[in-house]
Amino acid sequence: MSGFKYSVGPWNVHNGADSYGPATREEIDFETKVKTFAEMGFSAIQFHDDDAVPNINDLNEEEIKGEARKVKAVLDKYGLKAEFVAPRLWMDPRTAEGGYMSTSAKDREYALWRSYRSIDIARELGTDKIVLWLAREGTLCAESKSPVWATKKLVEALDLMLAYDGGIKILIEPKPNEPIDRSVCGTIGHVMGVSAATADPSRVGGLLESAHAILAGLDPSHEIGFALAMGKLWGVHLNDQNGMKFDQDKTFGVENLRQAFNQVKVLMENNYGSNGEYVGLDVKAMRTTTDRDSYKHLANSLKIARMLEKKVEKFDYAFQRRCVETRDFEALEMYVMELLMGA
Ligand code: XLS
Ligand code: MG
């Protein structure tokens, strides 16, 4: 199947600030972003809880739902859906040492409060998907926390969320490190293990981000394939990454075109999207990008993904079978190169 529906997060268009320097572009307001995303051809928006309700910490539960309803009206105005809501458990002082597996019971409570609010917001926005990027869940100092205890705390938190709303689905977005030193749930395989340990594995799956898999030294297309085989790939964050360093969130396909092709290929071969799943992008513009080009990395990612959909449609499966029968993988590899290079 091809003709995916694509999604994007408002944080994908940002001011260029990084850990080493200030903003290089103007902030763009939420509604302008949403309007532009619709014009670009996106079908859905990905949210952090505070992308939808920026002052979430200052509001009570009913006020938060009220703010979320205003965001839903903006989505409706531009004909967009909400794909998921993710609690941002890494910016607040109370999550400095982690959310669900913080060593402070009080801070763990705050992490759960944010998670329940994310569920409330998701319901108001009309989605049942909660994404957990477990940013600070792990250790900065190996001896500070037992990985056994920490893993069990994660399962406990998931069970509480599942019980809070019997209809939501939780998508864990694994990442092996950054900003944490050692994560406790670093790959899609870990996600499957954690899912199986919860009270309702049928409602806990994964979201695979290309860059995060590469940071774990793995091929994103195989991580995608693994989750698909388990029936648990409910979201993706396509982007690219130049080797094992900080998370780069590069434009999809610009570093490793063959690997990007194989991600689109495995998604298409397995009818990803047929249950309403979106192909999400999670890409960052370069710091040097000017205001005028604030959306260009997104437009390019979308264009590359769609071009790769076309390449997969062209892929000659009969030729591939012949190569497999004759063990001529040299020919198959060259065929893929020529297909991608347009030769
Ligand atoms: C960071 C993550 C983040 C999530 C959403 O590395 O990719 O952007 O996708 O919380
Ligand atoms: Mg991501």
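Would you tally the residues in the range 14-47 being assigned to a loop (DSSP other than H, G, I, E, B) and away from ligand 2 (no atom under 16 Å from the Cβ)?
Final tally of qualifying residues: 15.
In the set Val283, Val264, which member is away from ligand 1 (no atom under 16 Å from the Cβ), within 18 Å of the chain's Cα centre (by Cα) and of a type in the set (A, V, I, L, M)?
Selected residue: Val264, the only one of Val283, Val264 that is away from ligand 1 (no atom under 16 Å from the Cβ), within 18 Å of the chain's Cα centre (by Cα) and of a type in the set (A, V, I, L, M).
Kindly list, by first and then second residue, each pair from a residue in the range 302-326 that is over 13 Å from Leu267 (Cβ atoms) to a residue that is loosely packed, with under 12 Cβ neighbours inside 10 Å, limited to pairs with Cβ atoms under 8 Å and residues at least 6 apart or on different chains.
Cys323/Phe329
What number of residues in the range 260-288 are in a helix (DSSP H, G or I), touching a helix residue (DSSP H, G or I) at 6+ places or on another chain (Cβ under 6 Å) and of a type outside the set (A, V, I, L, M)?
Going through the range 260-288 one residue at a time, the tally reaches 4.
Quick one: how many residues across the range 208-244 are out of contact with any helix residue (DSSP H, G or I) (no Cβ under 9 Å at 6 or more places or on another chain) and within 15 Å of ligand 1 (Cβ to nearest atom)?
2
Sort out which residues of the range 118-145 are over 18 Å from Gly235 (Cβ atoms) and within 15 Å of ligand 1 (Cβ to nearest atom), and write them in order of number.
Hits for the range 118-145 are Arg136, Glu137, Gly138.
Scan (1) touching a residue at least 40 places away in the same chain (Cβ under 8 Å); (2) more than 14 Å from ligand 2 (Cβ to nearest atom); (3) in a strand (DSSP E or B) for the single condition Trp234 breaks and write down its number.
If we test Trp234 against (1) touching a residue at least 40 places away in the same chain (Cβ under 8 Å); (2) more than 14 Å from ligand 2 (Cβ to nearest atom); (3) in a strand (DSSP E or B), just (2) comes out false.
Residue by residue, here is whether (1) more than 16 Å from ligand 2 (Cβ to nearest atom); (2) free of Cβ contacts under 8 Å to residues at least 60 places away in the same chain holds:
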{"site": "Lys175", "(1), (2)": "no, no"}
{"site": "Pro179", "(1), (2)": "no, no"}
{"site": "Gly189", "(1), (2)": "yes, yes"}
{"site": "Gly193", "(1), (2)": "yes, yes"}
{"site": "Glu209", "(1), (2)": "no, no"}
{"site": "Ile214", "(1), (2)": "no, yes"}
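Would you mind listing the helices (runs of 4 or more DSSP H) fully within the range 146-219 where at least 2 residues are surrounded by fewer than 21 Cβ atoms within 10 Å (Cβ to Cβ), out of contact with any strand residue (DSSP E or B) (no Cβ under 7 Å at 6 or more places or on another chain) and among the aromatic types (Phe, Trp, Tyr)?
In the range 146-219, the matching helices (runs of 4 or more DSSP H) lie at 147-164.
Gly253 fails exactly one of the following numbered conditions: (1) within 15 Å of ligand 1 (Cβ to nearest atom); (2) of a type outside the set (D, E, K, R); (3) buried (at least 23 other Cβ atoms within 10 Å of the Cβ); (4) closer than 30 Å to Glu26 by Cβ. What is the number of that condition?
Looking at each condition in turn, Gly253 falls short on (1).
Since every read-out is calculated from the coordinates, none of them should be taken as a lab result. What you see is a predicted model, and the numbers here were worked out from it, not measured in a lab. Ideal geometry is used to build each Cβ from the backbone, glycine not excepted, and the neighbour counts take in all protein chains shown.
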